[in-house]
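Everything on this sheet refers to the single structure shown next.
The values are calculated or read from the model by the stated rules, or taken from the named source; none is laboratory data. The structure presented is a predicted model; accordingly, all values stated were derived computationally and were not measured. So basically every Cβ, Gly included, is an ideal-geometry build from the backbone, and we count neighbours across all protein chains shown. These area figures cover heavy atoms from the full protein model, side chains too; ligands, DNA and RNA do not enter into them. Shrake-Rupley method; radii C 1.70, N 1.55, O 1.52, S 1.80 Å.
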Amino acid sequence: MQSNDNVKFEQRGRIALLTLNRPEKLNAINYAMADRLLALLDKIEADGSIRAVILTGAGERAFSAGGDIHEFSRSIRNGADEAVRDFCRRGQALTARLETFPKPVITAVNGIAYGGGCEITEAAHLAVASEQAVFAKPEINIGIPPTFGGTQRLPRLAGRKRALELLLTGEPFSPDRAVELGLVNSMVAHADLLPAAMDLANRIICHSPLATSRILAAVTRGINTTIDEGLLIEREQFARMCATQDVHEGLEAWIERRIPDYAER
């Protein structure tokens, strides 16, 4: 395991486990943590032995309570230009990177997921929540809108009216509600959280890593376009697969009734 104080990195087989590691601050995301996450994602993307990412929080209380208010409030006091540059753009860059990452990203939400912690979960491809998880969009309580993409992704996941109720009241909501809204895939017992996330990752990484990447790209790029534009994106991703060894291995394995053997990349 590698640790840089604010984020832990561990590789478990073909899965990278990233742990937000400021438990005394409820894993609040400061600028250094966001930068560290972005650097780790660059490293993971380049490492062919890693097929999926699980992101969770250290300690028993929080996945992440959101942005570090003490830090970003100083940026706000220094004016809008600095606040947008240091806080808003950094947070949006992080969630955009997670959303468009070419390997599956699964959040294992182990506790509080407020503000930026909720926005990371919105941006991730998949999410599993502990029964002890609690979500909220509380930015309105300090007089700001969400800044890591929450005004855009949550309405796309949950629908405009349901998202606006959460955004405009700032009220917490349960993991059951998060499942209903489409924010997370499933809720499990707290002790089963990491095993459930690992199981989900393993059910994905047994398939072609190239096909996985193409599916992620097609869905992420196509979801906010017209159906015709989305179908064009789908055709482009299919065409990119046709020349790969993975598609030939997959077809031959199916014809021969055996498990495909996808080479590590």
Pairs, first without any contact (Cβ under 8 Å) to a residue 40 or more places away in the chain in the range 158-177, second basic (K, R) and assigned to a helix (DSSP H, G or I), C-beta under 8 Å, six or more apart | none
P146 meets each of (1) open to solvent by 30 Å² or more (accessible area, probe 1.4 Å); (2) over 21 Å from N110 (Cβ atoms) with one exception, condition (1)
Under 7 Å by Cβ, and 6 or more places apart or on different chains, what pairs join a residue from the range 40-59 that is modelled with pLDDT of 95 or more with one that is polar (S, T, N, Q) and open to solvent by 40 Å² or more (accessible area, probe 1.4 Å)?
-> I50/Q11
Has the range 71-83 got any residue that is open to solvent by 10 Å² or more (accessible area, probe 1.4 Å) and on the phi > 0 side of the Ramachandran plot?
-> yes
Among the residues of the range 166-216 satisfying the criterion of being within 30 Å of P138 (Cα to Cα) and among the polar types (S, T, N, Q), which is most open to solvent (accessible area, probe 1.4 Å)?
-> N185
Pair list, Cβ under 7 Å, 6 or more apart: the range 77-95 residue basic (K, R), other residue open to solvent by less than 30 Å² (accessible area, probe 1.4 Å) | R90/A34
Select from the range 64-76 the residues that are among the hydroxyl-bearing types (S, T, Y) and free of Cβ contacts under 8 Å to residues at least 40 places away in the same chain and write down the one among them that is nearest to G117 (Cα to Cα).
-> S73
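State whether the residues of the range 153-169 include one that is of a type in the set (A, V, I, L, M) and touching a strand residue (DSSP E or B) at 6+ places or on another chain (Cβ under 8 Å). Step through it out loud before you land on a result.
Taking the range 153-169 and keeping what is of a type in the set (A, V, I, L, M), we get 154, 157-158, 163-164, 166-168.
Next cut, touching a strand residue (DSSP E or B) at 6+ places or on another chain (Cβ under 8 Å) only: 166.
Yes, the range 153-169 contains at least one residue that is of a type in the set (A, V, I, L, M) and touching a strand residue (DSSP E or B) at 6+ places or on another chain (Cβ under 8 Å).
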Since V219 meets every condition but one in (1) crowded, with 18+ Cβ neighbours inside 10 Å; (2) in a helix (DSSP H, G or I); (3) under 17 Å from the mean Cα position of the chain (by Cα), which condition does it not meet?
-> (1)
